[in-house]
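Any read-out appearing in this document is the output of simple, stated calculations on the displayed coordinates, not a laboratory observation. Everything numeric in this text was worked out from a predicted model, so none of it was measured. Neighbour counts run over all protein chains shown; Cβ positions are idealised from the backbone, glycine included.
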Amino acid sequence: MDNQCKGFVSEKVRVPADQPVTKAIAMVLENADNADFSLSGYRVSVSSGVATIDLRLPPASKRRFSSLSNCEQLALFGSLRKTLTGNKPLKVRGVKFVDRGKEIKG
């Protein structure tokens, strides 16, 4: 995400061939943590071209996904969606976000 929250900044990186979707997500999420928001982990599954990403917040987290600003939501969810759907070799056509199985509107 650019510093004015107007668009994504493209960056080419290499991911291992054995788990390309998981590694691509990990690289995007490295940039998601900040002083007052962090993730404790995630799980991903891909079925019929749709990646379901189960994002996990730490139990003591002061912030929830719903408390993220529009820019923070775009940076987190938008960058994951763009990374996965914009890379044809990953064969992901859509992305769904959940928090312990409950859908997150992202």
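Taking each residue of segment 83-106 that is free of Cβ contacts under 8 Å to residues at least 60 places away in the same chain and looking for partners that are loosely packed, with under 13 Cβ neighbours inside 10 Å with beta-carbon atoms closer than 6 Å, six or more apart or interchain, yields Arg93/Gly49. Among the residues of segment 49-67, those identified as in contact (Cβ under 8 Å) with a residue 12 or more places away in the chain, out of contact with any Leu (no Cβ under 7 Å at 6 or more places or on another chain) and of a type in the set (A, V, I, L, M, F, W, C) are Val50, Phe65.
If you go through segment 25-48 and keep only what is over 11 Å from the mean Cα position of the chain (by Cα), closer than 24 Å to Lys62 by Cβ and of a type in the set (S, T, N, Q), you end up with Asn34, Ser38, Ser40. Screening Met27, Met1 for residues that are farther than 13 Å from Leu84 by Cα and aliphatic (A, V, I, L, M) leaves exactly one candidate, Met1.
Of all residues in segment 52-84, which are surrounded by fewer than 16 Cβ atoms within 10 Å (Cβ to Cβ) and of a type in the set (Ser, Thr, Tyr)? Matches in segment 52-84: Ser61, Ser66, Ser67, Ser69.
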